[in-house]
1. Going by the alpha-carbon gyration tensor, a ≥ b ≥ c the square roots of its eigenvalues, is chain B rounded (a/c under 1.5) or, if a/c is not under 1.5, prolate (a/b greater than b/c) versus oblate?
2. Among the lysines, select those whose C-alpha is under 26 Å from the C-alpha of B:Lys15, and discard any that sit fewer than 8 residues away in the same chain.
3. Which residue, A:Met68, A:Met247, A:Met135, tops the fluctuation ranking in a GNM of chain A built on C-alpha contacts under 10 Å?
4. Set the Förster radius R0 to 35 Å, insert the Cβ-Cβ distance between A:Glu72 and B:Glu42 as r into 1/(1 + (r/R0)^6), and round the FRET efficiency to 0.05.
5. If the cut-off is 17 Å between C-alpha atoms, which lysines fall inside it for A:Lys223, apart from same-chain ones fewer than 8 positions away?
6. Of all DSSP beta bridges in the protein assembly as shown, what percent run antiparallel (nearest 5)?
7. Figure the gain on full extension for A:Gln30 and A:Asp217 (residue separation times 0.36 nm, minus the Cα-Cα span) and round it to one decimal in nm.
8. Kindly provide log₁₀ I(q)/I(0) values, in the same order as q = 0.07 Å⁻¹, from the Debye equation applied to equal alpha-carbon scatterers of chain A.
Amino acid sequence: MNPQDLTHFATLLKARTGIEVDAQKDYLVQSRLATIAGTAGHESVDDLLRAIRTAPDERVLEAAIDAMTTNETLFFRDQTPFDHLRKIVLEPARRKGGTVRIWSAACSTGQEPYSIAMLWEEVAHHLPGVRLEIMATDYSNACLTKARAGIYSAFEVQRGLPVQKLMKHFEPDGPNWRVKDNLRQSITWRRHNLLDNPAAMGRFDVIFCRNVLIYFDRATRSKVFDNLNGQLKDDGYLILGASENVMGVTERFRGDASSPGLYVKTGLAAPMPRAVGA
Amino acid sequence: MTNFLVVDDSGVIRKIARKMLEELGFAVAEACDGVDAIKACESAMPDAILLDWNMPNMDGITFIRALREKPEGEAPKVVFCTTESDFSHISAALEAGANEYIFKPFDMDTLRDKLSMAGVAA
Ligand SMILES: C[S@@+](CC[C@H](N)C(=O)[O-])C[C@H]1O[C@@H](n2cnc3c(N)ncnc32)[C@H](O)[C@@H]1O
């Protein structure tokens, strides 16, 4: 792979998405871009990268960037965030009533927002007077297309999903499974780049931003935290992935060892709740 | 130690399942069909069962119905593990008292996940 072409592509990738590829990982670029190279009519990934540098075609470049996103996800990933959501946000909402707004800020192929919607269906009847709005966004158009369709293979539906939930919330669709319409319609899907200003989406009670900051450097993470901070209500909660935290990156949020993954705005009155089950 | 019974007519599948389950810390016994599995349960009731659907002599659904009728037959957690992946098979399995359902082919992560959903721990 020509280092100049690779560097050019890596620079574009980082500028547009924040995703960093390490120069040592040219095999990753090679394997992720092989299909795009073929379908764009190039002999090899090397040719594709050269074309991106010397004769850029926006559509091909976007497809290549999309292919570099890591979309690995599963239903009810890590479970604890969903326990937090039920105990700390939804059940207490009963007292206040009104609308609870949740943002799944890097929703990949939809498993995270669908898990939130399934959880909601299970608790909603205890919470008369409470409405839930779920906004699900991602950078990747390919992911959003799949998420909107809500069709998953037999392999995908068993990752994280108990069989009782599969039977309750999905319908067979040939060899695949399709999320039931009521669940699909309960989610608003939108393309959004975490690096962009999110003000148009309004403010949220809970933001899930999980397993995406790990691909960014410190400066990018800090910028994303600033963006999220602006969209989180003062008494809202930010939920990060199991291997992510705010330490050394931002002063805007604080966590608490007893509730891993859960963050509130610094200096504001939101009480840090006790760990679920504690 | 948690005792697992793997019920499948394919020796290859039994071998793979045994290897995965042992790696997860279970003690594993094998049966090659429903009849064989009933005998195994009568001599020592396992804590958990990984159960194929299509087998000669007695299939998985007949086995679990018979098992759930037995004294102490309510106790084992039963996880179906089969290529039968349509709605009616899964409904029948749940109605008969299955705790979880795995579609073949499966991998180690799926097995680990599904066992924990079924409340089976090593
Ligand atoms: C590993 S998935 C995480 C999915 C889910 N949140 C979870 O925890 O399972 C990471 C997602 O982040 C998205 N992503 C990467 N960079 C992004 C950016 N700058 N803006 C929005 N989404 C981005 C990718 O497209 C990918 O779908």
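The values are calculated or read from the model by the stated rules, or taken from the named source; none is laboratory data. Every value quoted in this text rests on a predicted model; they were computed, and no experiment measured them. Heads up, the Cβs are rebuilt from the backbone with ideal geometry, glycines too, and the neighbour counts pull from every protein chain shown. Surface areas here come from the heavy atoms of the whole protein model, side chains and all, with no ligands, DNA or RNA. Shrake-Rupley method; radii C 1.70, N 1.55, O 1.52, S 1.80 Å.
1. Numbers: a/c = 1.25, a/b = 1.08, b/c = 1.16.
Because its axes are fairly even, with a/c under 1.5, chain B counts as rounded.
2. Partners within reach: B:Lys39, B:Lys77, B:Lys104, B:Lys114.
3. Looking only at A:Met68, A:Met247, A:Met135, the largest GNM fluctuation is found for A:Met247.
4. Working: r = 45 Å, r/R0 = 1.27.
E(calc), rounded to 0.05, equals 0.20.
5. Once the sequence-local lysines are set aside, what remains near A:Lys223 is A:Lys14, A:Lys265.
6. Numbers: 11 of 48 bridges.
Roughly 25 percent of the beta bridges in the protein assembly as shown run antiparallel, per DSSP.
7. Numbers: separation 187, 0.36 × 187 = 67.32 nm, distance 2.21 nm.
This chain segment gains 65.1 nm when fully extended.
8. Rounded to two decimals, the profile gives -0.28.
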